Structures are given as structure tokens and as C-alpha cells.
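Chemist: Handing you a structure now.
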Amino acid sequence: MLLAIDTSAGTSVSVVDRDRGVIAEVGEADTRRHAEVVGELIQLCLDQSGVPVTALSGVVAGMGPGPFTGLRVGIAAAQAFALGAAKPVVRVVSHDAIAFGHYAAGNDGPLLVVTDARRREVYWTAYSGVDEFGLPARVQGPALSRPIDVPESVLDFASFQRLDAEEVSAASLGLLAEGLYFHGRPFAGREPLYLRAPDAVVPGAPKRVS
């Protein structure tokens with residue numbers, strides 16, 4: 001069983017199991033309250049699931065793409081929880097979880113996942129479909145663009161169904177992690193997918209202009 005946490009959009013927490021499926025999932029859509037709610041949602045999700053921490057095999061962290069301020073909250077929460085519980089952390093691209101949920105619902109074909117990056121920009125990732133194990137096959141991205149530039153950035157843009165997602169399901173994140181592990185597929189890297197430099201700068205350094 002896995003505890004999955006994603007804050008790349010709103011805040012979503014879930015407990016999943018490869019055999020039992022989604023045991024519990026809770027969330028908060030507000031994209032400005034990650035730090036305030038993530039701890040409460042973790043506790044609520046564990047309470048609803050009835051799963052003791054000792055029964056978890058690991059913690060899944062959604063790695064984005066997502067804005068710096070929100071995304072780092074979920075990653076830090078996953079790492080802190082895993083450290084306290086003496087469990088490993090596995091990392092999954094948040095857009096892959098959106099695609100996984102889309103395909104698991106019975107959809108097929110090329111898919112373009114798009115999420116809000118703020119500042120009049122979007123994050124996007126393109127998928128050709130699923131592989132032989134039903135896992136999303138990413139072919140381009142994650143990337144950051146102005147909305148007007150997306151058609152020119154995505155190869156063969158017209159062939160993709162566009163999915164503008166406002167949230168990332170931690171349940172899909174966790175079930176995808178189970179599938180990646182079971183089929184020996186790689187997890188995401190350790191670096192969060194901010195795709196944009198943070199606003200904070202070293203004192204005395206020039207502030208980046210966007």
C-alpha cells in the first residue's frame with residue numbers, strides 16, 4: 001500500500017493498493033492553501049483508510065510540473081512523512097498521473113495534458129497512448145509555453161485530444177506508481193519539475209524578468 005501526495009495544482013492525498021485499488025482519497029482544490037491543509041489531509045486520509053502507517057510500503061510524491069510555491073509543499077511533506085515512518089519515497093510525474101487516469105477510464109489515442117502554470121503560461125505533456133502494460137507513453141514534455149505557442153510546440157498537434165486539467169488525483173498518482181514498480185518501469189527523477197526559476201533571488205543578484 002502507498003500513501004500518495006500531490007500539490008502541483010490543488011492538494012490531493014490518497015492511500016492506494018495494487019490489489020484493492022483506491023482505499024481513500026481526500027483533497028482541497030484551493031491552489032493557495034497547500035501548506036495549511038496538507039498535514040490535515042494526510043491525517044484525514046489515513047483515518048478514512050483505516051490503514052496503519054506501518055502497513056504502508058512507501059510514499060509517492062508528485063513531482064510536477066507545477067508552480068514552485070505549491071509543488072515544493074507536497075514534495076517536502078512526502079519526504080518528511082517517509083522519513084518519520086521509515087518508508088521509501090518514489091517520485092512520479094504529475095502529468096503522467098493525469099494521463100493514467102484518462103486512459104484508465106477507457107479512453108485511448110494521443111493525449112495532450114495541459115495545466116495552468118500561471119503568469120499566462122501553461123504546462124503541457126504529450127502522450128501517444130498507453131504501452132503494453134496500460135501505462136502512459138509520454139512522447140513530448142513536460143514543457144512550459146504560452147497558450148498561443150502550444151500548437152507550434154507540439155509535434156503533430158492536430159492528432160492529440162487536449163485535456164485541460166484543474167487537479168491531479170493522488171489516487172491516480174499512487175496507482176500509476178504501483179504499475180511502474182510492478183512492471184519495472186523507471187520513476188521520475190529527484191528534481192522537481194518547476195520548469196521556471198523561482199522568484200526568490202540571492203540578495204544583490206538581479207531579479208529575473210518574465
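Chemist: Using a Förster distance of 41 angstrom, determine the FRET efficiency expected from the C-beta separation of S128 and Q48, and round it to 0.05.
Modeler: 0.70
Chemist: Now for a different question. Under 5 Å between amide hydrogens, which residues at least 5 positions from A9 or on another chain qualify, with H placed 1.01 Å from N in the peptide plane?
Modeler: Those lying under 5 Å, H to H, from A9 are V168.
Chemist: Now for a separate question. Calculate, in nm to one decimal, what D156 and V139 gain on full extension: separation in residues at 0.36 nm each, minus their alpha carbon distance.
Modeler: Gain in length upon complete extension: 5.0 nm.
Chemist: State the Kirkwood hydrodynamic radius of region 111-189 in Å, one decimal place, computed from all pairs of distinct Cα atoms.
Modeler: 13.7 Å
Chemist: For Cα pairs less than 8 Å apart in space and 6+ apart in sequence, what is the mean separation divided by the residue count of the chain, i.e. the relative contact order in percent?
Modeler: Contact order relative to length: 25 percent.
Chemist: Contact order normalised by length for region 2-115, with contacts defined as Cα pairs under 8 Å and 6 or more residues apart; what percent is it?
Modeler: For region 2-115, the relative contact order is 27 percent.
Chemist: Counting other beta carbons within 10 Å of each residue's own, what order do H102, H183, H34 fall into, fewest first?
Modeler: Least crowded to most crowded, the residues run H183, H102, H34.
Chemist: In debye to the nearest 20, how big a dipole does region 60-145 give about its Cα centre with +1 on each Lys and Arg Cβ and -1 on each Asp and Glu Cβ?
Modeler: Approximately 460 debye in magnitude.
Chemist: For the residues M1, M63, what sequence is obtained by ranking on other C-beta atoms within 10 Å, fewest first?
Modeler: Ascending Cβ contact count within 10 Å gives the list M1, M63.
Chemist: Still on this structure, I have one more. Using only the alpha carbon atoms of region 49-160, find the Kirkwood hydrodynamic radius as the inverse mean reciprocal pair distance, in angstroms to one decimal.
Modeler: 15.6 Å
Chemist: Additional query: Given only helices, namely DSSP H runs of n ≥ 4 each adding -39500 (n - 2.57), what is the per-residue ellipticity at 222 nm of the chain, to the nearest 500 deg cm²/dmol?
Modeler: Result for the chain: -9000 deg cm²/dmol, rounded to the nearest 500.
Chemist: Name the longest site-free stretch of the chain, where the excluded sites are trypsin sites (Lys or Arg not before Pro) in a DSSP loop with no more than 11 other beta-carbon atoms within 10 Å.
Modeler: Result for the longest clean stretch: 33-118.
Chemist: Assuming a viscosity of 0.890 mPa s and a temperature of 25 °C, what translational diffusion coefficient in µm² per second does Stokes-Einstein assign to the chain, Rh being the Kirkwood radius over Cα pairs?
Modeler: For the chosen part, D equals 141 µm²/s.
Chemist: Placing +1 on the Cβ of each Lys and Arg and -1 on the Cβ of each Asp and Glu in the chain, which of M1, A197, V38 has its Cα farthest towards the positive end of the resulting dipole?
Modeler: Of the listed residues, the answer is A197.
Chemist: Just want the ordering: F182, F187, F100, from fewest to most Cβ atoms lying within 10 Å of their own Cβ.
Modeler: Ascending number of Cβ neighbours within 10 Å: F182, F187, F100.
Every number here is computed from the coordinates shown, using simple stated rules; none is lab data. Computed from a predicted structure; not experimentally measured. Don't worry about glycine lacking a Cβ; one is built from the backbone with ideal geometry, like all the others, and counts go over all protein chains shown.
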